[in-house]
Amino acid sequence: MQLTLEFGGGLELLSNSVKIHNVNVELKNGAEKLTMKDLLAWVRTNLIKERPEMFMKGDSVRPGVLVLVNDCDWELSGQLDTTLEEKDVVVFISTLHGG
Amino acid sequence: MEEVADTKARKGAARLCSLCDQRRAALKRPKTLEQICRECFYMVFEEEIHRVIVENQLFKPGERVAIGASGGKDSTVLAYVLSELNRRHNYDLDLFLLSVDEGITGYRDDSLETVKRNEIQYGLPLKIVSYKDLYGWTMDEIVKMIGLKNNCTFCGVFRRQALDRGAALLKVDKVATGHNADDIAETVLLNILRGDIARLSRCTSITTGEDGPIPRCKPFKYTYEKEIVMYAYFKRLDYFSTECIYSPNAYRGFAREFIKDLERIRPRAILDIIKSGENFRISTNTKMPEQGTCERCGYISSQKWCKACVLLEGLNRGLPKLGIGRSRGLDNDGRKDMKHSNGTKNIESKQCGTLDF
């Protein structure tokens, strides 16, 4: 599945300072759909090059990291249960820095 | 054909804004758990801040106000919203951007570039004051001398005075800072964890220092950090977002982590902690520090010398621990520590900037 992932708020530092990633994520064997939970695991393995604890805590993102799917708060679509579709844009923004 | 219908069904099921019932909901407000669209979000966000400003009488018409601007998310959004509300509701304020350069390479020099852009983008005159000019030391130099502990103590103390100093140079009546609800909840917790009763009694005040040189206020006191970031994201506001390189060692980090975990379970907790903090009453038996003035520079102080003077004295005499920790005064430890500082290279004494108030 083709997706566009964006990192903001300093998270880009964890992925070689690259803010925008155009990726192709493969669904797990036998899976019909891709959820945010799957995507997070994929991101941690494939895009996060250092300090994964800054991005994730357990199965979800570290508290303080906002997630938007197609410019909508993921809290509206079920957080980890949100299903993703082809060409979706997922944005991760960290709020954990000085103001 | 079925696929198309499915997609339409999925999009159709997307929630509508609970305020206007017309547009698609874009975010869930942690404060109220409402699901609202972008346009309604902008409106409630801005108008709530306007209400806070009016109900707490933060400003008076004709005042000159300096916005503490670091180039970060809170101060950038504050500058944007305050300019907008100033226009929309005719506050009749003269707004300025005030920035402090602590001299942290790779952090502050980059964020200052953002403030310079903000100056142009928002049309607000900018003033930058630096630690180097005021105190003769940059944070990088200070950290080299004291090591990686207690950095925030030095920086925080110096920054507060630097802001007052800059505000005096700009001849403003008030300073507005971007401290948000999350920050204040963290501070309440931090003060509880440390047993700092004096600070606990003051830290939830929306306006502080009314009896000092220049009062300060926090228009974002009840504004959630998440909403500030969402606002900046949707409006494509330009801000700088990297953690200060010295901050990972700060104690506040623990309070922050805890607050964020709490927010996930019960978002309202942040405002409730602030409310608890506002309603603390100090036991009459508790001895509280009395406010006076610093003998050396005249700044507000509860001790003979203000914290900044004590810390500077420590730096200039090669005594990095002076003023750090409890009951380490100037007189007693001054003599004791002299013997222990064998290993430290004596940095040539720098002249402190004059700090007359």
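The values are calculated or read from the model by the stated rules, or taken from the named source; none is laboratory data. As the structure is a computational prediction, the values presented were derived from the model and not from experiment. A quick note on method: Cβ atoms are made from the backbone with ideal geometry, for glycine too, and the neighbour counts reach across all protein chains shown.
If I ask for residues that are in a loop (DSSP other than H, G, I, E, B) and of a type in the set (Lys, Arg), which ones from segment A:42-62 would you list?
Taking segment A:42-62 as the starting set, the residues that turn out to be in a loop (DSSP other than H, G, I, E, B) are A:47-51, A:55, A:58-59, A:62.
Correct list: A:Lys49, A:Arg51, A:Arg62.
Kindly provide the set of residues from segment A:20-52 that are more than 15 Å from A:Arg62 (Cα to Cα) and either among the hydrophobic types (A, V, I, L, M, F, W, C) or in contact (Cβ under 8 Å) with a residue 40 or more places away in the chain (or both), ordered by number. Outline the logic, then answer.
First pass over segment A:20-52, keeping only residues more than 15 Å from A:Arg62 (Cα to Cα): A:20-35, A:38, A:42, A:45-47, A:49.
The answer is A:Ile20, A:Val23, A:Val25, A:Leu27, A:Ala31, A:Lys33, A:Leu34, A:Thr35, A:Trp42, A:Leu47.
When you go through B:Lys221, B:Lys174 one by one, which is the residue that is under 30 Å from B:Ile36 (Cβ atoms) and at pLDDT 95 or above? I'd like the intermediate steps shown before the answer.
On the way: B:Lys174 fails: under 30 Å from B:Ile36 (Cβ atoms).
The unique qualifying residue is B:Lys221.
Could you check segment B:167-181 and list, in sequence order, the residues that are within 16 Å of B:Cys217 (Cα to Cα) and among the charged types (D, E, K, R)?
B:Asp173, B:Lys174
Quick one: what pairs do we get from segment B:53-67, first residue within 22 Å of B:Leu126 (Cβ to Cβ) and free of Cβ contacts under 8 Å to residues at least 40 places away in the same chain, second among the aliphatic types (A, V, I, L, M) and in a helix (DSSP H, G or I), C-beta under 7 Å, 6+ apart or different chains?
Within 7 Å, no pair qualifies.
Please find, within segment B:110-142, the residue that is surrounded by the most Cβ atoms within 10 Å (Cβ to Cβ) out of those that are over 23 Å from B:Ala308 (Cα atoms) and among the charged types (D, E, K, R).
Step one: of segment B:110-142, the residues over 23 Å from B:Ala308 (Cα atoms) are B:110-126.
From what's left, among the charged types (D, E, K, R): B:110, B:113, B:116-117, B:119.
On the way: B:Asp110: 13, B:Glu113: 12, B:Lys116: 15, B:Arg117: 15, B:Glu119: 19.
Selected residue: B:Glu119.
Given the residues B:Arg51, B:Arg38, B:Arg88, B:Arg64, which is the only one that is farther than 26 Å from B:Lys116 by Cα and either of a type in the set (Phe, Trp, Tyr) or more than 14 Å from every other protein chain (Cβ to nearest Cβ) (or both)?
Details: B:Arg38 fails: either of a type in the set (Phe, Trp, Tyr) or more than 14 Å from every other protein chain (Cβ to nearest Cβ) (or both); B:Arg88 fails: farther than 26 Å from B:Lys116 by Cα; B:Arg64 fails: farther than 26 Å from B:Lys116 by Cα.
Every option except B:Arg51 fails the conditions.
So, in segment B:207-232, of the ones that are more than 30 Å from B:Ala26 (Cα to Cα) and assigned to a loop (DSSP other than H, G, I, E, B), which residue ends up farthest from the chain's Cα centre (by Cα)?
Filtering segment B:207-232 for residues more than 30 Å from B:Ala26 (Cα to Cα) gives B:207-217.
Filter again for assigned to a loop (DSSP other than H, G, I, E, B), leaving B:209-215.
Working: B:Gly209: 15, B:Glu210: 18, B:Asp211: 20, B:Gly212: 18, B:Pro213: 18, B:Ile214: 16, B:Pro215: 14 Å.
Step by step, filter segment B:207-232, then rank; the result is B:Asp211.
Only one of B:Ala168, B:Ala176 is in contact with a Pro (Cβ under 8 Å, 6 or more places away or on another chain) and within 14 Å of chain A (Cβ to nearest Cβ). Can you tell me which? Before you say what the answer is, go through the steps one by one.
Numbers: B:Ala168 fails: within 14 Å of chain A (Cβ to nearest Cβ).
Among B:Ala168, B:Ala176, only B:Ala176 is in contact with a Pro (Cβ under 8 Å, 6 or more places away or on another chain) and within 14 Å of chain A (Cβ to nearest Cβ).
What number of residues in segment A:63-99 are touching a residue at least 12 places away in the same chain (Cβ under 8 Å), in contact with a strand residue (DSSP E or B) (Cβ under 8 Å, 6 or more places away or on another chain) and in a loop (DSSP other than H, G, I, E, B)?
Adding up the residues that qualify gives 10.
Can you name the residue in segment B:104-143 that is under 16 Å from B:Glu313 (Cα atoms) and in a helix (DSSP H, G or I) and, of all such residues, is farthest from the chain's Cα centre (by Cα)? Walk me through it before giving the result.
So the first thing to find is which residues in segment B:104-143 are under 16 Å from B:Glu313 (Cα atoms), and the list is B:131-132, B:134-139, B:141-143.
Restricting the remaining residues to those that are in a helix (DSSP H, G or I) gives B:131-132, B:134-135, B:139, B:141-143.
Values: B:Tyr131: 17, B:Lys132: 21, B:Leu134: 20, B:Tyr135: 21, B:Met139: 18, B:Glu141: 23, B:Ile142: 21, B:Val143: 21 Å.
So the residue we want is B:Glu141.
Please verify whether B:Ile192 is under 26 Å from B:Glu227 (Cβ atoms), within 15 Å of the chain's Cα centre (by Cα) and at pLDDT 90 or above, treating the condition exactly as stated.
Spelling it out, it is not the case that B:Ile192 is under 26 Å from B:Glu227 (Cβ atoms), within 15 Å of the chain's Cα centre (by Cα) and at pLDDT 90 or above.
Looking at segment B:188-206, which of the residues that are assigned to a loop (DSSP other than H, G, I, E, B), in contact with a helix residue (DSSP H, G or I) (Cβ under 9 Å, 6 or more places away or on another chain) and not polar (S, T, N, Q) is farthest from the other protein chains (Cβ to nearest Cβ)?
Taking segment B:188-206 first, the residues assigned to a loop (DSSP other than H, G, I, E, B) are B:195-196, B:203-206.
Checking the rest, the ones that are also in contact with a helix residue (DSSP H, G or I) (Cβ under 9 Å, 6 or more places away or on another chain) come to B:196, B:203-206.
Then keep just the ones that are not polar (S, T, N, Q); that gives B:196, B:203, B:206.
Values: B:Asp196: 22, B:Cys203: 17, B:Ile206: 17 Å.
The extreme case among them is B:Asp196.
Which of the residues spanning segment B:37-63 are touching a helix residue (DSSP H, G or I) at 6+ places or on another chain (Cβ under 7 Å) and outside any helix (DSSP H, G or I)?
Listed by number, the list holds a single entry, B:Phe59.
Would you say A:Leu5 is assigned to a strand (DSSP E or B), closer than 19 Å to B:Glu227 by Cβ and either more than 9 Å from chain B (Cβ to nearest Cβ) or without any contact (Cβ under 8 Å) to a residue 60 or more places away in the chain (or both)? Outline the logic, then answer.
Values: assigned to a strand (DSSP E or B): yes; closer than 19 Å to B:Glu227 by Cβ: no; either more than 9 Å from chain B (Cβ to nearest Cβ) or without any contact (Cβ under 8 Å) to a residue 60 or more places away in the chain (or both): yes.
So A:Leu5 does not fit the description; no.
Here is a yes/no grid of residues against (1) within 20 Å of B:Val157 (Cβ to Cβ); (2) within 14 Å of chain A (Cβ to nearest Cβ); (3) free of Cβ contacts under 8 Å to residues at least 24 places away in the same chain; (4) part of a strand (DSSP E or B):
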position	(1), (2), (3), (4)
B:Asp261	no, yes, yes, no
B:Ile270	no, yes, no, no
B:Asn285	no, no, yes, no
B:Val310	yes, no, yes, no
B:Leu315	yes, no, no, no
B:Leu322	yes, no, yes, no
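In this structure, is A:Leu76 more than 14 Å from the chain's Cα centre (by Cα), within 14 Å of chain B (Cβ to nearest Cβ) and within 28 Å of B:Ile245 (Cβ to Cβ)? Can you show your working first?
Details: more than 14 Å from the chain's Cα centre (by Cα): yes; within 14 Å of chain B (Cβ to nearest Cβ): yes; within 28 Å of B:Ile245 (Cβ to Cβ): no.
Criteria not met by A:Leu76.
Going by what's in this entry, would B:Ala79 be described as in a loop (DSSP other than H, G, I, E, B) and within 14 Å of chain A (Cβ to nearest Cβ)?
On the way: in a loop (DSSP other than H, G, I, E, B): no; within 14 Å of chain A (Cβ to nearest Cβ): yes.
Considered against the rule, which asks whether it is in a loop (DSSP other than H, G, I, E, B) and within 14 Å of chain A (Cβ to nearest Cβ), B:Ala79 comes out as no.
Table: residues versus (1) modelled with pLDDT under 95; (2) surrounded by 14 or more Cβ atoms within 10 Å (Cβ to Cβ); (3) more than 22 Å from B:Tyr224 (Cα to Cα).
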| residue | (1), (2), (3) |
| --- | --- |
| B:Leu16 | yes, yes, yes |
| B:Ala25 | no, yes, no |
| B:Lys31 | yes, yes, no |
| B:Cys40 | no, yes, no |
| B:His50 | no, yes, no |
| B:Gln57 | no, no, no |
| B:Asn86 | no, yes, no |
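Answer yes or no: is there a residue in segment B:212-234 that is closer than 26 Å to A:Val61 by Cβ, buried (at least 16 other Cβ atoms within 10 Å of the Cβ) and touching a Ser or Thr at 6+ places or on another chain (Cβ under 6 Å). Write out each step before concluding.
Residues of segment B:212-234 closer than 26 Å to A:Val61 by Cβ: B:220, B:222-234.
With the extra rule that they be buried (at least 16 other Cβ atoms within 10 Å of the Cβ), the set shrinks to B:220, B:222-234.
Among the residues that remain, those that are also touching a Ser or Thr at 6+ places or on another chain (Cβ under 6 Å) are: B:225, B:229.
Yes: segment B:212-234 contains one or more residues that are closer than 26 Å to A:Val61 by Cβ, buried (at least 16 other Cβ atoms within 10 Å of the Cβ) and touching a Ser or Thr at 6+ places or on another chain (Cβ under 6 Å).
Scan segment B:239-251 residue by residue and report those that are crowded, with 16+ Cβ neighbours inside 10 Å, more than 9 Å from chain A (Cβ to nearest Cβ) and farther than 15 Å from B:Asp109 by Cβ.
B:Ala250, the sole residue that qualifies.
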